[in-house]
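Only the coordinates and a few stated rules stand behind these numbers; no lab work does. The shown structure was predicted, so the numbers you read here are calculated from the model rather than taken from an experiment. Ideal geometry is used to build each Cβ from the backbone, glycine not excepted, and the neighbour counts take in all protein chains shown.
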Amino acid sequence: MFNFLKISIITMFVSMSVYATSDAVVNKLVNEATQYCKDMGETQCFKVFNDKNGKFTKGALYIFVIRYDGVIRAHGSNVKLIGKNLMKVKDAAGNMLIQELISIAKNKGEGWFDYKWSHPKTKKTAPKRSFVKAIGNNSLIGSGYYK
């Protein structure tokens, strides 16, 4: 019994770290979430994205959706942000975070942005990397990980 528990705990931490350290994994999650929205519609997909135990929350990874006016439409880590306009939010280096993400989605269709953000566990500023993709005509969908 002890060995089984030990193996289960090790497996859980390894899988969480795999989800949190790979461009390929984040890209795949965002693309799957984008397709899910196309298939199920916004109401259903946002409900699933907001579920901390849902299929689009993988360890420390979650999906967020931001309208081009800066309003949060879905957030897998903090549902209290839904409906809030975060257009003027800056990262620790002074970058206009939401504006940068919106610019990437609007001008390129998709892409990566590196920034500095407070790590939820350590509470220290850490490098973070997010991938965003345009969804519809007025929103982006994304996810990110701490480096």
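Seen from every direction in turn and averaged, the convex hull around the alpha carbons of the range 74-147 projects onto 5.0 nm². Compare the Cα positions of SER143, SER118, GLY59 along the charge dipole of the chain (+1 at Cβ of Lys, Arg; -1 at Cβ of Asp, Glu; about the Cα centre) and return the one farthest towards the positive end. Farthest towards the positive end: SER118.
Springs between Cα atoms under 10 Å define the GNM used for the chain, and in it the highest mean-square fluctuation of LEU29, LEU81, LEU61 occurs at LEU81. So which trypsin sites (Lys or Arg not before Pro) in the range 72-140 are both in a DSSP loop and have at most 11 other Cβ atoms within 10 Å of their Cβ? Filter output for the range 72-140: LYS88, LYS121, LYS123, LYS124.
Helices assigned as whole DSSP H runs in the chain whose Cα atoms extend at least 20 Å along their own long axis and whose mean Kyte-Doolittle hydropathy is -0.5 or higher are found at 2-19, 23-40.
Can you figure out the FRET efficiency of MET87 with ALA126, using R₀ = 35 Å and their beta-carbon distance, to the nearest 0.05?
0.90
Entry note, the range 18-127: relative contact order of 14 percent, from Cα contacts under 8 Å with a spacing of 6+ residues. Distant-in-sequence amide contacts of GLU110, defined by a placed amide H-H separation under 5 Å and a gap of 5 or more residues or a different chain, comprise ALA134.
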